[in-house]
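Taking it in order: structure first as structure tokens, then the write-up.
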Amino acid sequence: MCLAPQNEMNKNYYAILMAGGVGSRFWPVSTSDFPKQFHDMLGSGDTLIQKTFSRLSKLIPIENILILTNERYNGLVLEQLPMVKQEQVLLEPAMRNTAPCILYASLKIQKMNPNAVMVVAPSDHWIEDEAEFTRNLKQCFDFCQQEDALMTLGIQPTFPNTGFGYIEFDKSDSNPIKKVSQFREKPDYETAKSFLDAGNFLWNGGIFIWSAASITKAFEKFQPQMNALFQKGMDDYNTYHEKEFIASHYALAENISIDYAVMENASNVYVLPATFDWNDLGTWGSLHEKLDKDDQNNAVVNATVILENASNNIIRADGKKLIIVDGLNDFIIVDKDDILMIYPKSKEQDIKRITAMADKL
């Protein structure tokens, strides 16, 4: 993992790296004990969290990158990111979605540096053009240092995806950074097609940029109860007493996403249409898109295969196992320890439900 020189970076730049998810749609490789962000899903030599940390460090000082994760993953974070100090790892004692953890981290950062601007970035995105990502992020930071703005990086849609939320912006806005009209829920296929035809809709990739002042003010306005809860810890943040405060208060927060808690309520929301490639690696199907494939569009990871009458499959195994497939099309085939999954790609959103069933066996 290659990290950028830190000496000329802007000391006001911070990052909140979100790494607490379970990634259940990547079961059986991704499990609650060892989720997908800690795996090398594409065979690049780095895990997803390592790639994301390295990408952020091209613009943000290493010591200003905070990792938000569940308590059970503390060891994995420190093992995979040895340059990170324990105080940079914020441990959630309970699963409470994205709003509480973002407020917690933002208040910590604001106490460290009232002039801070920050990016909130998921740890499991795949971005190949890192130079363009850095350029886009710098553009957002510059805007948020000057304006009271809550920003997001919108992803240019390439097909009518029904698995993402969408961001609608003012079609008449000719500025590079657009004023957001509204957030739209995950649509059905016909609605998604109409979004693409309209030309002023972007995928909501969950990458946010704002100043510490702007986001804390937004929480105070739209989530006064949650804000009051976490404000009680201001004297404790960045001290020895922080862990005790979080242990006793964090689980009292409402389980709500940042989108519902703040972004959909605020009027000062802006979007920059991203100019970098992007894949959220949320499902086996999205991983299939990024892997090298044979002439029948089969993607194979860590397996030796004999394939006949097989196309559009993703096949993954441990230990170079020989896998023979005949007559299967559009399937996910994963052999992991004592689990073998053979599942249609068209039903990949149901893997989360299957995971819950398997846990009960």
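The values are calculated or read from the model by the stated rules, or taken from the named source; none is laboratory data. Fair warning: this is a prediction, and the values are worked out from it, not measured in the lab. Cβ sites come from the backbone with ideal geometry, for glycine too, and all protein chains shown count toward neighbours. With ligands, DNA and RNA removed, areas are computed over all heavy atoms of the protein, side chains included. Shrake-Rupley method; radii C 1.70, N 1.55, O 1.52, S 1.80 Å.
Points worth noting:
- When S286 is tested against (1) open to solvent by 60 Å² or more (accessible area, probe 1.4 Å); (2) modelled with pLDDT under 90; (3) touching a strand residue (DSSP E or B) at 6+ places or on another chain (Cβ under 8 Å), just one condition goes unmet, and that condition is (1).
- Filter result for F34 (open to solvent by less than 50 Å² (accessible area, probe 1.4 Å) and either aromatic (F, W, Y) or within 23 Å of A317 (Cα to Cα) (or both)): no
- Residue within segment 315-324 that is open to solvent by less than 20 Å² (accessible area, probe 1.4 Å), touching a residue at least 24 places away in the same chain (Cβ under 8 Å), of a type in the set (A, V, I, L, M) and closer than 19 Å to S30 by Cα present: no
- The one condition in (1) surrounded by 13 or more Cβ atoms within 10 Å (Cβ to Cβ); (2) of a type in the set (S, T, Y); (3) over 19 Å from R184 (Cβ atoms) that S257 fails to fulfil: (3)
- Of the set (1) within 15 Å of C101 (Cα to Cα); (2) touching a residue at least 24 places away in the same chain (Cβ under 8 Å); (3) hydroxyl-bearing (S, T, Y), all apply to S248 but (2).
- Selection from segment 72-94 of residues that are among the basic types (K, R) and under 19 Å from K108 (Cα atoms): K85
- Applying a threshold of 7 Å to beta carbon distances and a minimum spacing of six or more residues, or different chains, the list of pairs starting in segment 220-235 at a residue that is in contact (Cβ under 8 Å) with a residue 12 or more places away in the chain and ending at one that is open to solvent by 50 Å² or more (accessible area, probe 1.4 Å) and not in a helix (DSSP H, G or I) reads F222/N265; M226/E254.
- Scope segment 145-157; condition in a loop (DSSP other than H, G, I, E, B), under 20 Å from the mean Cα position of the chain (by Cα) and within 19 Å of S211 (Cα to Cα); matching residues: none
- Annotation for segment 182-197: no member residue is under 16 Å from T275 (Cβ atoms) and either more than 19 Å from the chain's Cα centre (by Cα) or open to solvent by less than 40 Å² (accessible area, probe 1.4 Å) (or both).
- Residue that is surrounded by the most Cβ atoms within 10 Å (Cβ to Cβ) [pool: residues in segment 64-85 that are touching a helix residue (DSSP H, G or I) at 6+ places or on another chain (Cβ under 7 Å) and within 23 Å of K11 (Cβ to Cβ)]: I67
- Subset of segment 166-181 (residues that are open to solvent by less than 70 Å² (accessible area, probe 1.4 Å) and at pLDDT below 90): D170, D173
- Answer from L76, L17 - the residue that is modelled with pLDDT of 95 or more and either closer than 16 Å to M118 by Cα or polar (S, T, N, Q) (or both): L17
- Qualifying residues in segment 219-228 (those that are in contact with a helix residue (DSSP H, G or I) (Cβ under 6 Å, 6 or more places away or on another chain) and open to solvent by 20 Å² or more (accessible area, probe 1.4 Å)) - the one farthest from V89 (Cα to Cα): F222
- On inspection, A299 fails the criterion of being of a type in the set (G, A, S), under 18 Å from G282 (Cβ atoms) and surrounded by fewer than 18 Cβ atoms within 10 Å (Cβ to Cβ).
A quick yes/no check of all residues on (1) in contact (Cβ under 8 Å) with a residue 60 or more places away in the chain; (2) within 28 Å of T239 (Cβ to Cβ):
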site: L91; (1), (2): yes, yes
site: Y104; (1), (2): yes, yes
site: L107; (1), (2): yes, yes
site: I127; (1), (2): yes, no
site: T134; (1), (2): yes, no
site: L137; (1), (2): yes, no
site: D142; (1), (2): no, no
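- Exactly one residue out of A116, A94, A99 is among the hydrophobic types (A, V, I, L, M, F, W, C), within 19 Å of A251 (Cβ to Cβ) and in contact with a Ser or Thr (Cβ under 8 Å, 6 or more places away or on another chain), and it is A99.
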